[in-house]
Amino acid sequence: MTFTFKHKSTLLLLMFLAPLAASGQTIDLLAKGADSWEPFDEARWKFVDGELHGSTAIFDGDKTDPDASTFIIAREKLEGEYLVSLDVSFDEGRYLGVYLDYGQKTQTGIWIASGHELAADAPDNEIERGYIKTVENGIWIVRATGDLEIAKGKRIKLGFSRRGDEYRLWNDGRLIATYRKEGGYPAGPLQLRLTNASARIHRLEVRTGRQRRPNQ
């Protein structure tokens, strides 16, 4: 039987996942509820029927306003090579930030986000984007962006990965942004952040393990 893939990025994602499934492990970060996270803000995050629901206090605040953001940090570090994959839908807003290999004390690491929705008066040729940013001692720099398709209430798939020195952002099976950092960053815990948004995370998994290059 022969399979044909319409999108090269979908094939790349499958090739990336194959060695993970063979040699690594899969961790369900929703299975243990709040026990997998610290700190866990029960006023902003709740487990409902096995899903993780999060919401900021306001939906139109400045990003520096404490009421406009909420975050949680996983207890376990992401070691080596990994893929963080999740299914999420947004009831309000569309901003979900994911910190990878991020040091709380040094304020250094990788930050990948679904980004902000376009303003009502945005030019017709402007498109929504996902972002990969580096954070060096608290200084944020955009390193890569990619087209992103998010609709209110629609369940979408996002992926955030590290393979070797490369950090990648996936949207519904499409590779949309890649950034290479020589040597990567030291291992750190996964951190999720919502800004001016309400979201339901239906699935959240981390796949880890020894990696092979897709062409090996």
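Since every read-out is calculated from the coordinates, none of them should be taken as a lab result. On a predicted model such as this, the values are computed, not experimentally measured, just so you know. We place every Cβ from the backbone using ideal geometry, glycine too, and count neighbours over all the protein chains shown.
General observations
- Kirkwood hydrodynamic radius computed over the range 73-212 comes to 15.3 Å, based on all pairs of distinct alpha carbons.
- Were the residues from ALA120 through SER198 laid out at 0.36 nm apart, the gain over their Cα-Cα distance would be 26.2 nm.
- Amide hydrogen proximity for ARG94: with H placed 1.01 Å from N in the peptide plane, the residues at 5 or more positions away or on another chain lying under 5 Å are GLU117.
- In this simple spin-label model, placing a label point 7 Å from the Cα along the Cα-to-Cβ direction at both TRP140 and ASP87 gives a separation of 3.0 nm.
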